[in-house]
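Note sheet for the following structure.
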Amino acid sequence: MSPLSLAIAADHGGLDLKRQLLAALRAAGHQVTDFGTDGSESVDYPDYARPVAEALTSGAVRFGVLVCGSGIGMAITANRHRGIRAAVLHNTTEARLTRAHNDANIACFGGRTLGVEVALDCLLTFLATPYEGGRHDRRIAKIERPPA
Ligand code: RB5
């Protein structure tokens with residue numbers, strides 16, 4: 001796979017998994033901007049989801065990775081940003097389908113719900129799967145601008 005630009009962040013519940021995913025991404029040659037957190041103190045996940053979402057919407061990076069305890073708070077926050085399609089992933093089928101059908105651009109993981117090997121398999125599948133386009137374009141357009 002050619003090198004990709006990514007942004008990554010976690011709260012305290014996702015820190016360990018974030019560190020392992022970050023190391024694997026960099027070892028694979030990807031360019032990754034790390035927006036924290038870097039310590040084990042309790043922090044608020046929206047403060048970490050936001051800079052990753054903004055790195056995507058500004059065009060600075062192609063994909064994002066967000067990790068909290070469940071992945072859910074990060075996804076809820078990221079999906080409030082226009083143009084962001086964040087999905088919580090638990091298996092490689094979800095990772096493949098959300099890229100192929102939803103053109104998802106942020107992969108979210110639960111540091112308390114998923115092991116590192118499964119998370120890494122999901123992330124590699126997510127990054128390697130192209131968006132299918134076609135009928136899915138119409139549906140994605142309706143996410144951004146629901147019919148009146
Ligand atoms: C933090 O305790 C926890 O709520 C957070 O990591 C995440 O799971 C929220 O969705």
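Just so you know, all these numbers are worked out from the coordinates, no wet-lab data involved. For clarity, every value in this text was computed on a predicted model and none was experimentally measured. Note that each Cβ is placed from the backbone with ideal geometry, even for glycine, and that neighbours are counted across all protein chains shown.
Worth a mention:
- Anisotropy class of the range 72-111 from Cα gyration tensor, a/c 1.5 cut: oblate
- Which of 124, 83, 111, positive extreme of dipole for the range 52-148 (C-beta unit charges): 83
- In sequence order, calculated HN-Hα J values of the range 76-90 (Karplus, 6.51, -1.76, 1.60; Hz; x Gly/Pro): 4, 5, 4, 6, 6, 8, 4, x, 8, 10, 9, 10, 7, 10, 10
- When you restrict to C-alpha pairs under 8 Å that are six or more residues apart and normalise by the size of the chain, the relative contact order lands at 24 percent.
- Table column - 3J(HN,Hα) (Hz), the range 10-23, Karplus curve with 6.51, -1.76, 1.60, x for Gly and Pro: 8, 9, 4, x, x, 4, 4, 5, 4, 4, 6, 5, 4, 4
- In plain terms, the residue of 142, 18 with the fewest other Cβ atoms within 10 Å comes first and the most crowded comes last, giving 142, 18.
- Summed side-chain charge close to residue 67 - residues other than residue 67 whose Cβ falls under 11 Å, Lys, Arg +1, Asp, Glu -1: +1
- For residue 104, the residues whose modelled amide H falls within less than 5 Å of its own, excluding neighbours fewer than 5 places apart on the same chain, are 99.
- Near residue 67, the amide H atoms lying under 5 Å from its own belong to 9, 10, 11, 109; only residues 5 or more places off or on other chains count, and H is placed 1.01 Å from N.
- Tensor-based shape of the range 34-128 (alpha-carbon gyration tensor, a/c under 1.5 rounded, otherwise prolate or oblate): oblate
- Three-way shape call for the range 74-148 based on the alpha-carbon gyration tensor, with the a/c threshold at 1.5: oblate
- 3J(HN,Hα) couplings calculated from phi for the range 95-108 with the Karplus curve 6.51 cos²θ - 1.76 cosθ + 1.60 (θ = phi - 60°) are, in sequence order, 4, 5, 5, 6, 6, 5, 9, 9, 6, 4, 10, 10, 9, 10 Hz; Gly and Pro show x.
- Each Lys or Arg adds one and each Asp or Glu takes one away; over the other residues whose Cβ falls under 15 Å from the Cβ of residue 1, this sums to +3.
- Cβ-based exposure ranking for 2, 70, 42, in which fewest neighbours within 10 Å come first: 2, 42, 70
- When 52, 88, 43 are arranged by Cβ crowding within 10 Å, least crowded first, meaning fewest neighbours, the order is 43, 88, 52.
- Residue 127 sits among other residues whose Cβ lies under 10 Å from its own Cβ, and their net charge, with Lys and Arg +1 and Asp and Glu -1, is +2.
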